[in-house]
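J.: After the structure tokens below, expect a handful of questions from me.
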Amino acid sequence: MRHSDVNEWGRSEKMRTLARALYDPMYRNWFRVEWDGLEKIPQGGALLVANHAGAIPSDAPAIMHGIETELNRPVYGLADNFFRKVPVVGTYWNRLGGLPAHPDNAYRLLREQDQLVLVFPEGTKGPAKTYAERYKLRRFGRGGFVEIAMRAGVPVIPIALVGAEESMPIMVRLPSVAKAFGLPYVPVTANMLLAGPLGAVAYFPAKFKIKVLDPVHFDVPPDLERYSRSKIMDESEAIRDTIQAALYEMLRNRRSVWFG
Amino acid sequence: MVRVSKNTRTVPTAADKPRSHGRRVLVTGLGTFWGGRVAQALEADPDVETIVGLDVFEPTVELERTEYVRVDANYSILSRIVRATQVDTIIHTFLVVDPTMMSTRSMHEINVIGTMNLFAAASAPNSTVRDVIVKSSTMVYGSAPEDPTWFTEDSPRSRRATQPIERSLAAVEGYVHDFAEDNPHVNVALLRFSNVVGAEIETPLTRLLQHPLVPSLAGFDPRFQFVHERDVVRALLFAFDAHLAGIYNVAGDEQIPWSEVTHICGRRNIPFPPFGTQLLSAPLRRIGVVDLPEEYESLLKYGRGVDNSKFKNIGFEYQYSSAEAIEEFIESIRLRRTIGAHRPAYRYERDVEQFFRHSPAVLRDRPLAEDLQVDETSTATE
């Protein structure tokens, strides 16, 4: 009946498998990703919340790949709908499990389908920060992710990731160019300075360490019309602090950017 | 977004049918595909006493007992008709959703002014109207990169409507909303249909899919949702039988990528530039090669998905999913290409129709003959 395996979210398991096969050598040999606390990810739906870094963020594929290969569960990544406007990129991004970050999408996946959803509450402000500001978390939006988790009745799983900042560090940003082209930001990365245009796609082999922190449950009933704004902001701030503390802890124990 | 009625009474009960006499129905847009098919199906329903059909154009399908009234596009004599016929149900199918069909001005007359007059007539003092069913379109949700993957009935649009057709549909839904609010005793059902395909309906999309090379926008492969024309008629009749009130999305299950739609049709895509598309497609339209309306550009980039669960939850069963609808559509196109149109073209002859309906020579009280043409669409009432 169907002629393709593109599911209701635009994700194709065939494409995903192909992408995993292509990405796996990079995951294992380039970034040498190391997980800690993967067992903390619960069986049902959960909202994964991580820090976001690297001019072209290398953290989302690593987290999605790791969970999908280790736990054998799909992960849906929510991202700025800017992706959707870009030809080719937008389509592949969608086929590989990317979705526009719309609250309705997150709610449906979490509440009705018990899926894992990955969000970066820093939004584009995370990857846009320069190397000098590395591992300093930006504002977590307006706490929308907490509200979605509350409404869907699922826990938030904070994730701290070290290594993405160094894989493609931003030296300077070019705000006027970004404005002219309608892009969220235009970076000049160290990779570009060293490798020229190729640097736009080549990551440095920084060692990736990913730490899953304790799930955060909210003691509020799901499906309420509205949740207390102050509670949302408090929870959001607490989760941000947890991730920030975990990052500092991981950096304290890191002997080398390249070898961990 | 429009919210039609607070009393979302949905499942019909025995108490909902107190009338001893049959229902008296007014169908707008009798000359359109939908109006004609709905009237045909209603004729087969013994509970329906009278069917009055309005349109600017003559009916295109053969009708047994429907009374056709020719009106102007904006139904200015409507209140007289409603008063004179004492109809209790209005099925409003005459909404233009195909931007290529006519000028913006005529579309505005039909959609906005027509609906306005219709509701003015229906809400006149001592009006007998108790059920109103409006056939709207999921076009009211628009199509933008900010959209959710699934629109529910109360999702707002992401961006303001800019296309005239979308603006007129928004205005229509505004009238529906106001009417429902002012007349709480009337069941107002607003059905929003996604892109319709089928053997007989012709839309910009069905035309595109019949090209040997189907246009797409390079680098985009949006997901589409389709509803089969039979399901559309069945949905309207379901709303009619159930005295439905509220807003409902009507669309087949699943969303399928445009490339797959093309593939099911056994065609190939020809990519158009995703930016400045009209620079290429405008001359092509001029020479009549391919018509890629501006309204469909954002749809071919971002698609549109609607949640059909609300309508399913009240008991409607779809015969076709999105993929099945496309499959059925292309199969009937293939069949027609080989054997030609299987139904002879019908032409409305006023005198003949008047004779059959009103001449004393015609024996009308005899039980309906077995050979009465019952269309497959009349099986909607399960």
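J.: Residues being among the acidic types (Asp, Glu) and either more than 9 Å from chain A (Cβ to nearest Cβ) or open to solvent by 10 Å² or more (accessible area, probe 1.4 Å) (or both): count how many of those fall in segment B:249-283.
T.: First, the residues of segment B:249-283 that are among the acidic types (Asp, Glu): B:253-254, B:260.
If we keep only those that are either more than 9 Å from chain A (Cβ to nearest Cβ) or open to solvent by 10 Å² or more (accessible area, probe 1.4 Å) (or both) too, we end up with B:253-254.
Of the residues in segment B:249-283, 2 are among the acidic types (Asp, Glu) and either more than 9 Å from chain A (Cβ to nearest Cβ) or open to solvent by 10 Å² or more (accessible area, probe 1.4 Å) (or both).
J.: Condition (residue is open to solvent by less than 10 Å² (accessible area, probe 1.4 Å), of a type in the set (S, T, N, Q), within 30 Å of A:Tyr107 (Cα to Cα) and in a strand (DSSP E or B)) applied to segment B:125-136: is it met by at least one residue?
T.: Yes, that holds for at least one residue.
J.: Okay, next question. What are the residues in segment A:9-30 that are within 13 Å of chain B (Cβ to nearest Cβ), open to solvent by 30 Å² or more (accessible area, probe 1.4 Å) and either under 18 Å from A:Leu71 (Cα atoms) or among the basic types (Lys, Arg) (or both), if any?
T.: Keep residues of segment A:9-30 that are within 13 Å of chain B (Cβ to nearest Cβ), which gives A:9-12, A:14-15.
Cutting the leftovers down to open to solvent by 30 Å² or more (accessible area, probe 1.4 Å) gives us A:14-15.
If the condition is that a residue be within 13 Å of chain B (Cβ to nearest Cβ), open to solvent by 30 Å² or more (accessible area, probe 1.4 Å) and either under 18 Å from A:Leu71 (Cα atoms) or among the basic types (Lys, Arg) (or both), then A:Lys14 is the only one that fits.
Conditions (1) hydroxyl-bearing (Ser, Thr, Tyr); (2) in contact with a Lys or Arg (Cβ under 8 Å, 6 or more places away or on another chain), marked per residue:
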position	(1), (2)
B:Thr104	yes, no
B:Lys135	no, no
B:Thr138	yes, yes
B:Thr152	yes, yes
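J.: Let me ask another. In segment B:315-326, is there at least one residue being facing chain A (nearest Cβ under 9 Å), at positive phi and open to solvent by less than 30 Å² (accessible area, probe 1.4 Å)?
T.: Looking for residues that are facing chain A (nearest Cβ under 9 Å), at positive phi and open to solvent by less than 30 Å² (accessible area, probe 1.4 Å), one finds none in segment B:315-326, hence no.
J.: Within segment B:81-106, how many residues are under 30 Å from B:Leu299 (Cα atoms), among the polar types (S, T, N, Q), in a loop (DSSP other than H, G, I, E, B) and modelled with pLDDT of 85 or more?
T.: Let us first name the residues in segment B:81-106 that are under 30 Å from B:Leu299 (Cα atoms), namely B:91-106.
Within this subset, residues satisfying the condition of being among the polar types (S, T, N, Q) are B:93, B:100, B:103-104, B:106.
Those still in the list that are in a loop (DSSP other than H, G, I, E, B) too: B:93, B:100, B:103.
From what's left, modelled with pLDDT of 85 or more: B:93, B:103.
Residues meeting the conditions: 2.
Per-residue answers, yes or no, for (1) at pLDDT 95 or above; (2) within 14 Å of another protein chain (Cβ to nearest Cβ); (3) surrounded by fewer than 23 Cβ atoms within 10 Å (Cβ to Cβ):
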| site | (1), (2), (3) |
| --- | --- |
| A:Ala79 | no, yes, yes |
| A:Phe83 | no, yes, yes |
| A:Val86 | no, yes, yes |
| A:Tyr92 | no, yes, yes |
| A:Gly97 | no, yes, no |
| A:Ala101 | no, yes, no |
| A:Gln115 | yes, yes, yes |
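J.: Restricting segment A:36-51 to residues that are open to solvent by 30 Å² or more (accessible area, probe 1.4 Å) and not in a loop (DSSP other than H, G, I, E, B), which is farthest from the other protein chains (Cβ to nearest Cβ)?
T.: Applying the filter and picking the extreme gives A:Asp36.
J.: Can you tell me which residues in segment B:197-208 are assigned to a loop (DSSP other than H, G, I, E, B) and open to solvent by 10 Å² or more (accessible area, probe 1.4 Å)?
T.: First, pick out the residues of segment B:197-208 that are assigned to a loop (DSSP other than H, G, I, E, B): B:198-203.
Residues satisfying the conditions are B:Ala199, B:Glu200, B:Ile201, B:Glu202, B:Thr203.
J.: Which residues, counting only those in segment B:75-109, are without any contact (Cβ under 8 Å) to a residue 40 or more places away in the chain and under 13 Å from B:Val56 (Cα atoms)?
T.: The answer is B:Ile77, B:Ser106, B:Glu109.
J.: Picking from A:Pro184, A:Pro215, which residue would you name as being open to solvent by 40 Å² or more (accessible area, probe 1.4 Å), at pLDDT 90 or above and touching a helix residue (DSSP H, G or I) at 6+ places or on another chain (Cβ under 7 Å)?
T.: Details: A:Pro184 fails: at pLDDT 90 or above.
After applying the criteria, what remains is A:Pro215.
J.: Quick one: which of A:Val33, A:Val6 is among the β-branched types (Val, Ile, Thr), over 18 Å from the mean Cα position of the chain (by Cα) and surrounded by 16 or more Cβ atoms within 10 Å (Cβ to Cβ)? Outline the logic, then answer.
T.: Values: A:Val33 fails: over 18 Å from the mean Cα position of the chain (by Cα).
Residue meeting the stated conditions: A:Val6.
J.: Right, another one. Between B:Glu109, B:Glu43, B:Glu64, which is more than 20 Å from the chain's Cα centre (by Cα) and of a type in the set (Asp, Glu)?
T.: Details: B:Glu109 fails: more than 20 Å from the chain's Cα centre (by Cα); B:Glu43 fails: more than 20 Å from the chain's Cα centre (by Cα).
Just a single option satisfies the conditions, and that option is B:Glu64.
J.: Continuing with the same structure: Does A:Tyr131 qualify as being touching a residue at least 60 places away in the same chain (Cβ under 8 Å), more than 10 Å from every other protein chain (Cβ to nearest Cβ) and surrounded by fewer than 22 Cβ atoms within 10 Å (Cβ to Cβ)?
T.: Numbers: touching a residue at least 60 places away in the same chain (Cβ under 8 Å): no; more than 10 Å from every other protein chain (Cβ to nearest Cβ): yes; surrounded by fewer than 22 Cβ atoms within 10 Å (Cβ to Cβ): yes.
Spelling it out, it is not the case that A:Tyr131 is touching a residue at least 60 places away in the same chain (Cβ under 8 Å), more than 10 Å from every other protein chain (Cβ to nearest Cβ) and surrounded by fewer than 22 Cβ atoms within 10 Å (Cβ to Cβ).
J.: Looking for something away from chain A (no Cβ under 14 Å), open to solvent by less than 20 Å² (accessible area, probe 1.4 Å) and modelled with pLDDT under 90 - is there at least one such residue anywhere in segment B:170-192?
T.: As a first pass, look at segment B:170-192 and keep what is away from chain A (no Cβ under 14 Å): B:170-192.
Filter once more, so that each one left must be open to solvent by less than 20 Å² (accessible area, probe 1.4 Å): B:172-173, B:176, B:179-180, B:183, B:186-192.
This time we only want the ones that are modelled with pLDDT under 90, so: none.
Looking through segment B:170-192, none of the residues is away from chain A (no Cβ under 14 Å), open to solvent by less than 20 Å² (accessible area, probe 1.4 Å) and modelled with pLDDT under 90.
J.: For B:Phe311, only one of the following conditions fails: (1) open to solvent by less than 40 Å² (accessible area, probe 1.4 Å); (2) within 14 Å of chain A (Cβ to nearest Cβ); (3) at pLDDT 90 or above. What is its number?
T.: Of (1) open to solvent by less than 40 Å² (accessible area, probe 1.4 Å); (2) within 14 Å of chain A (Cβ to nearest Cβ); (3) at pLDDT 90 or above, only one is false for B:Phe311: (2).
J.: Give me the pairs, please: first residue somewhere in segment B:144-157 and within 18 Å of B:Leu190 (Cα to Cα) and at the interface with chain A (Cβ under 10 Å from one of its Cβ atoms), second residue anywhere and open to solvent by 10 Å² or more (accessible area, probe 1.4 Å) and of a type in the set (Lys, Arg), beta-carbon distance under 8 Å, and either six or more positions apart or on two chains.
T.: These pairs meet every condition: B:Phe151/B:Arg304; B:Thr152/B:Lys310.
J.: For segment B:203-219, enumerate the residues that are out of contact with any Cys (no Cβ under 8 Å at 6 or more places or on another chain), in contact (Cβ under 8 Å) with a residue 60 or more places away in the chain and not polar (S, T, N, Q).
T.: B:Pro204, B:Leu205, B:Arg207, B:Leu208, B:His211, B:Pro215, B:Leu217
J.: So which of B:Asp98, B:Asp47 ends up being charged (D, E, K, R), in contact with a Gly (Cβ under 6 Å, 6 or more places away or on another chain) and open to solvent by 10 Å² or more (accessible area, probe 1.4 Å)?
T.: Of the residues listed, the single one that is charged (D, E, K, R), in contact with a Gly (Cβ under 6 Å, 6 or more places away or on another chain) and open to solvent by 10 Å² or more (accessible area, probe 1.4 Å) is B:Asp47.
J.: Which number in (1) more than 13 Å from every other protein chain (Cβ to nearest Cβ); (2) among the hydroxyl-bearing types (Ser, Thr, Tyr); (3) crowded, with 18+ Cβ neighbours inside 10 Å marks the one condition that A:Thr69 misses?
T.: Of the numbered conditions (1) more than 13 Å from every other protein chain (Cβ to nearest Cβ); (2) among the hydroxyl-bearing types (Ser, Thr, Tyr); (3) crowded, with 18+ Cβ neighbours inside 10 Å, the odd one out for A:Thr69 is (3).
J.: Go through segment B:209-235 and give me each residue that's open to solvent by 10 Å² or more (accessible area, probe 1.4 Å), outside any strand (DSSP E or B), in contact with a strand residue (DSSP E or B) (Cβ under 7 Å, 6 or more places away or on another chain) and of a type in the set (S, T, N, Q).
T.: Scanning segment B:209-235 gives no hits.
The values are calculated or read from the model by the stated rules, or taken from the named source; none is laboratory data. This one's a predicted model, so the numbers in the text were calculated from it and none came from an experiment. Because the Cβ atoms are built from the backbone with ideal geometry, glycine has one as well, and the counts that use them run over all protein chains shown. Ligands, DNA and RNA are stripped out before the accessible areas are found, and what is left, the full protein with its side chains, is counted by its heavy atoms. Shrake-Rupley method; radii C 1.70, N 1.55, O 1.52, S 1.80 Å.
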